[in-house]
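Working notes for the structure below.
Only the coordinates and a few stated rules stand behind these numbers; no lab work does. The structure presented is a predicted model; accordingly, all values stated were derived computationally and were not measured. Positions of Cβ are generated from backbone atoms using ideal geometry, with glycine treated the same way; all protein chains shown enter the neighbour counts.
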Amino acid sequence: MEKREELYRGKAKTVYLTDDADKLILEFRNDTSAFDGEKIEQLDRKGEVNNKFNHFIMTKLEEAGIATQLESLLSDNDSLVKKLDMIPVECVVRNIAAGSLVRRLGVEEGLTLDPPLFEFFLKNDALHDPMVNDHHIVCFGWASEAQIAEMKRLTFAVNTVLKAMFDEAGMLLVDYKLEFGLDTQGNIVLGDEFTPDGCRLWDKETRKKMDKDRFRQGLGSVVETYIEVADRLGLKL
Ligand code: ADP
Ligand code: UDP
């Protein structure tokens with residue numbers, strides 16, 4: 001597989017074309033950002049840890065019958081993925097109240113959400129990723145009603161698989177963000193990443209934060225804690 005020109009450089013990953021028009025390389029960098037790119041730092045080994053973590057999780061999701069972008073792990077920092085036509089919304093599921101939900105609605109952090117809550121956000125840093133609903137998505141042509149239904153179905157299916165997996169490893173899956181795209185046949189496929197950068201994980205007993213909130217809140221030991229999460233799941237990094 002040949003790495004060709006850079007297609008897009010995001011805040012944490014760089015996307016490269018390859019000699020196969022239907023495949024891309026995602027390079028996971030050490031850059032770590034928060035607050036829409038206002039706080040940025042390089043964290044040693046973060047790219048490698050997230051690349052391998054994402055590969056591990058997407059493999060589990062594939063095994064559970066969820067269509068993902070996954071092709072193969074190419075190197076420490078690079079993964080080969082299906083090229084998707086990304087839908088510009090973020091799908092968030094919350095099992096426990098935290099983050100923007102707490103700020104927006106004034107609910108208590110740590111409140112159990114049963115049934116879990118689903119939210120859409122528009123992927124737009126300049127507008128600070130505003131919350132949108134199904135009607136905005138259809139009205140502005142970002143996705144159809146059927147595609148919205150499929151994104152919700154898949155995001156909840158991911159919850160069923162991963163909530164149980166983290167629970168068995170002594171962690172609470174508080175919330176997470178997924179991005180979907182369309183493959184060449186027009187199927188909705190899970191893209192981007194699932195790593196501790198895009199979810200919240202708390203230790204079940206102590207409620208220690210084990211995700212990017214360590215970076216956002218300056219708690220330290222960010223990558224070390226991501227490695228501990230992987231270790232508990234049986235992935236040695
Ligand atoms: P951001 O764009 O939010 O700064 P990243 O640094 O993670 O985020 O950049 C990765 C970019 O690649 C994102 O815009 C994401 O939507 C896009 N992307 C992720 N997976 C795929 C894929 N399989 N096909 C096409 N684009 C993808
Ligand atoms: N999230 C993300 N990228 C974003 C926004 C949110 O990965 O651009 C993740 C975030 O890490 C958390 C979940 O989505 O796991 C819900 O985030 P929230 O809306 O609480 O926003 P935040 O607290 O990050 O402002």
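Side notes on the structure shown:
- Debye log10 I(q)/I(0) at q = 0.19 Å⁻¹ for the range 193-237, Cα point scatterers: -0.53
- For the range 122-139, Karplus couplings with θ = phi - 60° (6.51, -1.76, 1.60), whole Hz, Gly/Pro x: 6, 7, 7, 4, 4, 9, 6, 6, x, 6, 10, 10, 3, 5, 4, 5, 6, 4
- Kirkwood-type hydrodynamic radius, the range 163-229: 13.1 Å, calculated from all non-identical alpha-carbon pairs.
- Taking 0.36 nm per residue of separation and subtracting the current Cα-Cα distance, fully stretching the chain between GLU6 and LYS39 would add 9.5 nm.
- Cα convex hull volume per residue for the range 58-182 (Å³): 142
- Scattering profile of the range 1-128 at q = 0.09, 0.10, 0.13 Å⁻¹ [log10 I(q)/I(0), Debye over alpha-carbon scatterers]: -0.34, -0.42, -0.70
- Each of LYS209, LYS123 has some number of other Cβ atoms within 10 Å of its Cβ, and from fewest to most they run LYS123, LYS209.
- Note on the range 1-69: Kirkwood radius taken over Cα pairs, Stokes-Einstein applied at 37 °C and 0.692 mPa s, translational D equal to 243 µm² s⁻¹.
- Computed about its Cα centre, the charge dipole of the range 93-215 is approximately 280 debye, with only Lys, Arg, Asp and Glu carrying charge at their Cβ.
- At q = 0.11, 0.15, 0.20, 0.26 Å⁻¹, base-10 log of I(q)/I(0) for the range 108-203 (Debye sum, equal scatterers on each alpha carbon): -0.38, -0.70, -1.17, -1.55
- Magnitude of the charge dipole, the chain, Cβ model with Lys/Arg +1 and Asp/Glu -1, debye to 20: 520
- Alpha-carbon centroids, the range 129-152 and the range 20-37: separation in whole Å: 24
- Likely footprinting exposure, TYR16, TYR176, TYR8, fewest C-beta neighbours within 10 Å first: TYR8, TYR16, TYR176
- Sum of -39500 (n - 2.57) over DSSP H runs of 4+, divided by residues of the chain (222 nm, nearest 500): -9500 deg cm²/dmol
- Local net charge near THR184, Cβ-Cβ under 10 Å (Lys/Arg +1, Asp/Glu -1): -1
- Since only PHE180, ALA157, HIS136 are under comparison, the one whose Cα sits farthest along the positive direction of the charge dipole of the range 118-237, derived from C-beta charges on Lys, Arg, Asp and Glu, is ALA157.
- Here the extension length gained between LEU111 and THR160 equals 15.7 nm, from 0.36 nm per residue of separation less the Cα-Cα distance.
- Quotient of C-alpha Rg and 2.2 N^0.38 Å, computed over the chain: 0.97
- Cα-projected label distance for GLU63 with LYS152, points at 7 Å along beta-carbon direction, nm: 3.0
- Overall dimensions of the range 29-79 by Cα: Rg and Dmax, Å: 13.1, 37
- Cross-link pairs beyond the 32 Å C-alpha cut-off, checked among LYS60/LYS209; LYS23/LYS212; LYS39/LYS83; LYS23/LYS208; LYS177/LYS208; LYS152/LYS204: LYS23/LYS208
- Amide H contacts of VAL132 (H built 1.01 Å from N, under 5 Å, at least 5 apart or other chain): PHE120, PHE121, LEU122
- Extended-chain gain in nm, criterion 0.36 nm per residue less alpha-carbon gap, ASN187 and HIS136: 16.2 nm
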